[in-house]
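A short worksheet on the structure shown next.
The values are calculated or read from the model by the stated rules, or taken from the named source; none is laboratory data. Keep in mind that what you see is a predicted model, and the values were worked out from it rather than measured. Cβ sites come from the backbone with ideal geometry, for glycine too, and all protein chains shown count toward neighbours. Heavy atoms of the whole protein, side chains included, go into the accessibility calculation; ligands, DNA and RNA do not. Shrake-Rupley method; radii C 1.70, N 1.55, O 1.52, S 1.80 Å.
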Amino acid sequence: MSYDHSKHENRLRASALLQELKGKLTDIGTSTLDVKTMTAASSLEWWRLSKVEGVHVYQADDGWHADVVFSNLPPGVPTIIGSPGSYQTRSAALNGAIRQLSILAVNDKLPPPRTREGFRWFKFDNVEVPVNAELIETFPERLAAEGYTDFKAKGRLAWLRNQFADDNPMTAKIFQSLDQDDQNSIRIACAIALALNVHQFSIEDGLWSEFSPSEGTTSTIRM
């Protein structure tokens, strides 16, 4: 069974561990978080120690993990920083978490994040799709009112992949070959997913055949 960050008992342990590790922060000099995607790069200004809700340290099949979980972030900004890889021991995972928290403490000294500016990025298979941050912020209340779920959002993405990539992974080449209307359809689907706290969608998350047609062919959100 996969680890559940939202489980009440896990959140309590993570909160307590955060308070313990705050007393062990170190001087990291000029070190920064290892950023490999546009999604992470556009989120750096929001990832601060003051926004951390808890540190989840747990053992999985491949070893130990230390995940930092945030709260009160804008829609579209990932709320979890996972371990860069698995650790062989719990002690090593804790040291990894201390390093991440130490970097986030430095981020607290930076100017306040820009509000409603720039882009968020959604990882759709092999392409990172840019989505206007203001667009994402218009969706949450409407989605909640209409009962639109993350399953429906994923179904819509699976349908779009089926239409434009024949159930193969979406790539930058495919995305760029589409006309503006089709690209916008993908951007809107990605914005809806981000508003529902879904930050990526891959082949492993499902093909169109795994979703009911009623869940994915249309979106109730109109522009």
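The table below lists the values:
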{"read-out": "Subset of region 198-209 that is crowded, with 16+ Cβ neighbours inside 10 Å and not small (Gly, Ala, Ser) - its residue that is nearest to the chain's Cα centre (by Cα)", "value": "His199"}
{"read-out": "Identity of the residue in region 11-41, modelled with pLDDT of 95 or more and among the polar types (S, T, N, Q), that ends up least open to solvent (accessible area, probe 1.4 Å)", "value": "Ser15"}
{"read-out": "Residue match in region 181-194 (condition: closer than 23 Å to Ser209 by Cα, modelled with pLDDT under 90, not in a helix (DSSP H, G or I) and not acidic (Asp, Glu))", "value": "no"}
{"read-out": "Sole exception among (1) free of Cβ contacts under 8 Å to residues at least 40 places away in the same chain; (2) crowded, with 20+ Cβ neighbours inside 10 Å; (3) of a type in the set (D, E, K, R) for Asp182, by number", "value": "(2)"}
{"read-out": "Selection status of Lys154, touching a Phe, Trp or Tyr at 6+ places or on another chain (Cβ under 8 Å), part of a helix (DSSP H, G or I) and open to solvent by 40 Å² or more (accessible area, probe 1.4 Å)", "value": "yes"}
{"read-out": "Residue among Glu128, Glu45, Glu134 that alone is in a loop (DSSP other than H, G, I, E, B), under 30 Å from Phe175 (Cβ atoms) and charged (D, E, K, R)", "value": "Glu45"}
{"read-out": "Qualifying residue in region 61-69 (condition: within 30 Å of Lys24 (Cβ to Cβ), open to solvent by less than 20 Å² (accessible area, probe 1.4 Å), free of Cβ contacts under 8 Å to residues at least 60 places away in the same chain and not aliphatic (A, V, I, L, M))", "value": "yes"}
{"read-out": "Unique match (being crowded, with 21+ Cβ neighbours inside 10 Å, over 16 Å from the mean Cα position of the chain (by Cα), aliphatic (A, V, I, L, M) and modelled with pLDDT of 85 or more) among Ala92, Ala97", "value": "Ala97"}
{"read-out": "Any hit, region 164-176, residues being open to solvent by 40 Å² or more (accessible area, probe 1.4 Å), over 21 Å from Leu135 (Cα atoms), without any contact (Cβ under 8 Å) to a residue 60 or more places away in the chain and acidic (Asp, Glu)", "value": "yes"}
{"read-out": "Qualifying residue in region 108-120 (condition: open to solvent by less than 60 Å² (accessible area, probe 1.4 Å), modelled with pLDDT of 85 or more and either within 22 Å of Asp205 (Cβ to Cβ) or assigned to a helix (DSSP H, G or I) (or both))", "value": "no"}
{"read-out": "Count of residues meeting criterion [in a loop (DSSP other than H, G, I, E, B), among the small types (Gly, Ala, Ser) and within 19 Å of Ala60 (Cα to Cα)] in region 4-24", "value": "1"}
